[in-house]
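Please read the structure below before turning to the comments.
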């Protein structure tokens, strides 16, 4: 039931789809993974979108950002069939966004200064 509800929310939300795709691309790119040349961190627009949707879903569900981050990574992993390394990589970096480690990059993106 939980997966079905998550899949429905994913299908109707283009912003959430962007976030999940960014998480998947990031996870796949580590250590010579399937995705190719994503990089060591999320792009500014990706971190901005992920943080925005983390906050939105946290407010809707009365949850913490880390709980929503767990759901995002679970959804990305379930849809993308992550291996253990990809899951660890995605989980660590999405939690960094939830913990505020990307906030400086997000502020620069909002001001129009991006890499």
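Readers should treat all values here as calculations from the given coordinates under stated rules, not as data from a laboratory. Owing to the predicted nature of the structure, the values given are computational and were not obtained by experimental measurement. Note that we place each Cβ from the backbone using ideal geometry, even for glycine, and neighbour counts take in every protein chain shown.
One table, with the values for the structure above:
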{"read-out": "Efficiency of FRET from Cβ geometry, residue 14 and residue 78, R₀ 25 Å, rounded to 0.05", "value": "0.85"}
{"read-out": "Inter-label distance for residue 41 and residue 56, nm, one decimal - labels placed 7 Å from Cα along Cα-to-Cβ", "value": "2.4"}
{"read-out": "Ranked by how many other beta carbons lie within 10 Å on average, peptides 75-81, 46-52 from highest", "value": "46-52, 75-81"}
{"read-out": "Fraction in percent of alpha-carbon pairs per bin - 10 Å, region 44-94", "value": "27, 51, 22, 0"}
{"read-out": "Cα-based shape type of region 2-110, given that a ≥ b ≥ c are square roots of the gyration tensor eigenvalues and the cut on a/c is 1.5", "value": "oblate"}
{"read-out": "Rounded if a/c under 1.5, otherwise prolate or oblate - region 76-115, Cα gyration tensor axes", "value": "prolate"}
{"read-out": "Potential lengthening between residue 85 and residue 63 on full extension [0.36 nm per residue; Cα-Cα distance subtracted]", "value": "5.2 nm"}
